[in-house]
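Trainee: I'd like to ask some things about the structure below.
The values are calculated or read from the model by the stated rules, or taken from the named source; none is laboratory data. As the structure is a computational prediction, the values presented were derived from the model and not from experiment. Methodologically, a virtual Cβ is constructed for each residue, glycine included, from the backbone with ideal geometry; neighbour enumeration extends over all protein chains shown. Remember, those area values only see protein heavy atoms, side chains included, never the ligands or the DNA or RNA. Shrake-Rupley method; radii C 1.70, N 1.55, O 1.52, S 1.80 Å.
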Amino acid sequence: MAAPLKVGVAGLGNVGAALAAQVTHQREALAVRCGRRVEIVAVCARSKTKERGVDLRRIKWFTDPVELARSPEIDVFVELIGGAGEPAKSAVEAALASGKSVVTANKALLAKHGLRLAQLAEKHGGALNFEAAVGAAIPIVKTLREGLSGNAVQRVYGILNGTCNYILTKMEQENLPFADCLKEAQRLGYAEADPTFDIEGHDTAQKLAILASLAFGTRVEQSAIYVEGISSITPADLSAADELGYRVKLLGVAVKTPKGIEQRVHPTMVRKDSSIAQVMGVTNAATIDAEGLAPLTLVGPGAGGAATASAVLSDIADIARGLRTAPFGRPSAKLASVRKAPMQRHEGGYYIRLLARDRPGTAATIAKRLAQQEISLESIVQRHPKGVRESKDGSVPVILITYATHEDAVRKALAAVGRDRVISGRPQVIRIEKN
Ligand SMILES: NC(=O)c1ccc[n+]([C@@H]2O[C@H](COP(=O)([O-])OP(=O)(O)OC[C@H]3O[C@@H](n4cnc5c(N)ncnc54)[C@H](OP(=O)(O)O)[C@@H]3O)[C@@H](O)[C@H]2O)c1
């Protein structure tokens, strides 16, 4: 049998501790599958005394992750600290620069520095594997990078943040407001004390940046992504969506259009009978549309120590087997710069909820403004949908579903309706994704 693969792990939190336990538990199976043993020989975290539920007594302890990354005693550096800054960035760079392979679950680091790290890996001959960075246990990175090497991907979209999907599921199933469901998510440990990063869509955007690069052979570029979170969604929207045959999900979508690659994160109406609409609670999912294939949907646990560690360990196993794939599926010099499709040119159907003032001429004014922008309506609901009440000033909810139109047409029509003073408050707009 070949010499054991020596692994150094920086970060022994939820994922790092689960990884150490899994390496022990799967020791024999890994040795058989990889043709060599996989051994964690060195670790690093902030506290040496914290109880982590794993026996680390015979493993060398480092206080500095960069020192561990450079150590000649390891073949692979596993970064499970997190964050796009220090010490994760310097440690990963140090490991790659010394020719070592790196496995990381760090979406923030990859979304910000993915291209540079891939170049560094190529230059010095190490692997850079990051299956766990998107969708944790769901093998979406390998599916795009390897499973679909021979297909042209048209679109990839997914539910990439369990916190948001939990909140939207609970709001829909129990007809509760956003704030109550967020509190419950925090109580259950699904949401952070400061949930902004998740609920405003930034976590999804980091993961989408990685998927878009893998899908389209472009450089990872988080700044190319349009981002909107879920905090403005109300139970009224969810029950109206339900009546109209839709469900609302926070989706990250990357799609090839004639104007370039559109990358966007926003609450999205998906048909209730689609695969993605069935994904409830903290579960994640991603759907890939590729030429010549029916849509391919992968569903599974997108977070949690053990789920994430399973993807990290599969990346380590690839290195033990001697498998090397370019980090983003092709040499970094072949990654194209992103031709960003502007959001104003986004084309699709829209759900619009307005509070129309109850006076003569309101409906005609709204219809005129939509017609001026050449927006046609698939349906109009003026009766009160389940759970939507008339407002105190007598305004009546009107729900419009448009046929495919452009984002700027919708924005212009609604701005004009606002100036006409025939509605109260701000209109709610949710994009509809064809699926
Ligand atoms: N948890 C998930 O469900 C999940 C899912 C997908 C991806 N990920 C990614 O996996 C990575 C790790 O996440 P996690 O949930 O395991 O995080 P975590 O529980 O917060 O653990 C972070 C670990 O890093 C160590 N650390 C922090 N600063 C350090 C420093 N300056 N020097 C040395 N060690 C340091 C901490 O040490 P102490 O323990 O001593 O404080 C801790 O062991 C992140 O990139 C995250 O985005 C996590």
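Trainee: Give the residue list of GluC sites (Glu not before Pro) in the stretch 293-383 that are DSSP loop and have at most 15 other beta-carbon atoms within 10 angstrom. List each step's numbers first, then the result.
Mentor: Working: sites: Glu347, Glu374, Glu378; in loops: Glu374.
Of the GluC sites (Glu not before Pro), the ones in loops of the stretch 293-383 whose Cβ has at most 15 other Cβ atoms within 10 Å are Glu374.
Trainee: If R₀ is 41 angstrom, what is the calculated FRET efficiency for the pair Ala84 and Ala367, using the beta carbon separation as r and rounding to 0.05? Intermediate results must be reported in sequence, preceding the final value.
Mentor: Working: r = 48 Å, r/R0 = 1.17.
Given R0 = 41 Å and the Cβ-Cβ separation, E is 0.30.
Trainee: Averaging over all projection directions, find the projected area of the Cα convex hull of the stretch 270-414 and quote it in nm² with one decimal place. Before the final figure, lay out each step's value.
Mentor: On the way: hull surface 58.2 nm².
Result: 14.6 nm².
Trainee: Considering Cα pairs under 8 angstrom that are at least six residues apart, work out the relative contact order of the stretch 50-132 and quote it in whole percent. Walk me through the intermediate numbers first.
Mentor: Details: 117 pairs, mean separation 22.4, N = 83.
In percent, rounded to a whole number, it is 27.
Trainee: Could you work out Rg/(2.2 N^0.38 Å) for the stretch 1-138, with Rg from alpha carbons only? List each step's numbers first, then the result.
Mentor: Working: Rg = 14.2 Å, N = 138, 2.2 N^0.38 = 14.3 Å.
Ratio of Rg to 2.2 N^0.38 Å for the stretch 1-138: 0.99.
Trainee: Output the antiparallel fraction of DSSP beta bridges having both residues in the chain, as a percent to the nearest 5. Show your work: numbers first, answer last.
Mentor: On the way: 47 of 72 bridges.
Beta bridges within the chain, antiparallel portion: roughly 65 percent.
Trainee: Another question, if that's okay. Specify, per residue and in Å³, the volume enclosed by the convex hull of the alpha carbon atoms belonging to the stretch 158-232.
Mentor: Details: hull volume 6.7 nm³, N = 75.
Spread over its residues, the Cα hull of the stretch 158-232 gives 89 Å³ apiece.
Trainee: Expressed as a rounded percentage, what relative contact order does the chain have, with Cα pairs under 8 Å and six or more residues apart?
Mentor: Working: 937 pairs, mean separation 71.4, N = 435.
So the answer I get is 16 percent.
Trainee: Next up: Along the Cα-to-C-beta direction of Leu176, a point sits 7 Å from the Cα; which residues of the stretch 214-246 have their amide N less than 19 Å from that point?
Mentor: 230-240
Trainee: Another one. Computing the accessible area with a 1.4 Å probe over protein heavy atoms, can you report the carbon and sulfur percentage for the stretch 1-158? Please list the in-between numbers first.
Mentor: Numbers: 3330 of 6880 Å².
Accessible surface attributable to carbon and sulfur in the stretch 1-158 totals 48 percent.
Trainee: Run the numbers on the stretch 301-435 and let me know its relative contact order in percent, using alpha-carbon pairs under 8 Å that are six or more apart. List each step's numbers first, then the result.
Mentor: Working: 165 pairs, mean separation 45.5, N = 135.
Dividing the mean separation by the residue count of the stretch 301-435 yields 34 percent.
Trainee: How long, wide and thick is the stretch 274-321, going by the Cα atoms along their three principal axes, in whole angstroms, largest first?
Mentor: So the three principal-axis extents are 37, 30, 7 Å.
Trainee: Run the accessible area of the stretch 196-325 with a 1.4 Å probe and give the carbon-and-sulfur part as a rounded percent. Please report the intermediate quantities before stating the final value.
Mentor: On the way: 2230 of 4150 Å².
Ligands and nucleic acids excluded, carbon and sulfur reach 54 percent.
Trainee: Let me ask something additional. Could you pull the Cα extents of the stretch 175-307 along its three principal axes, largest to smallest, in whole Å?
Mentor: 41, 33, 31
Trainee: Further question on the same structure: So what's the chain giving for Cα Rg divided by 2.2 N^0.38 Å, two decimals?
Mentor: Working: Rg = 24.1 Å, N = 435, 2.2 N^0.38 = 22.1 Å.
Expressed relative to 2.2 N^0.38 Å, the Cα Rg reads 1.09.
Trainee: Shifting gears a bit: So which of Lys6/Lys60; Lys207/Lys256; Lys123/Lys340; Lys89/Lys207; Lys123/Lys207; Lys207/Lys249 end up more than 22 Å apart, counting from Cα to Cα?
Mentor: Details: Lys6/Lys60 12 Å; Lys207/Lys256 17 Å; Lys123/Lys340 28 Å; Lys89/Lys207 17 Å; Lys123/Lys207 25 Å; Lys207/Lys249 16 Å.
Flagged as over cut-off: Lys123/Lys340; Lys123/Lys207.
Trainee: On to the next question. Go through Met1, Met269 and list them by solvent-accessible area, largest first, probe radius 1.4 Å.
Mentor: On the way: Met1 165, Met269 0 Å².
Final ranking, largest accessible area leading: Met1, Met269.
Trainee: Further question: Exposed loop sites here are trypsin sites (Lys or Arg not before Pro) in DSSP loop states with at most 14 other C-beta atoms within 10 Å. What is the longest stretch of the chain lacking them?
Mentor: Working: sites that count: Arg46, Lys48, Lys50, Arg57, Arg58, Lys259, Lys272, Arg339, Arg383, Lys386, Arg389, Lys392, Arg421, Lys434.
It works out to 59-258.
Trainee: If you count only protein heavy atoms with a 1.4 Å probe, what accessible area per residue comes out for the stretch 150-295, rounded to a whole Å²? Don't skip to the end; give the middle numbers.
Mentor: Working: 5080 Å² over 146 residues.
Per-residue accessible area for the stretch 150-295 comes out at 35 Å².
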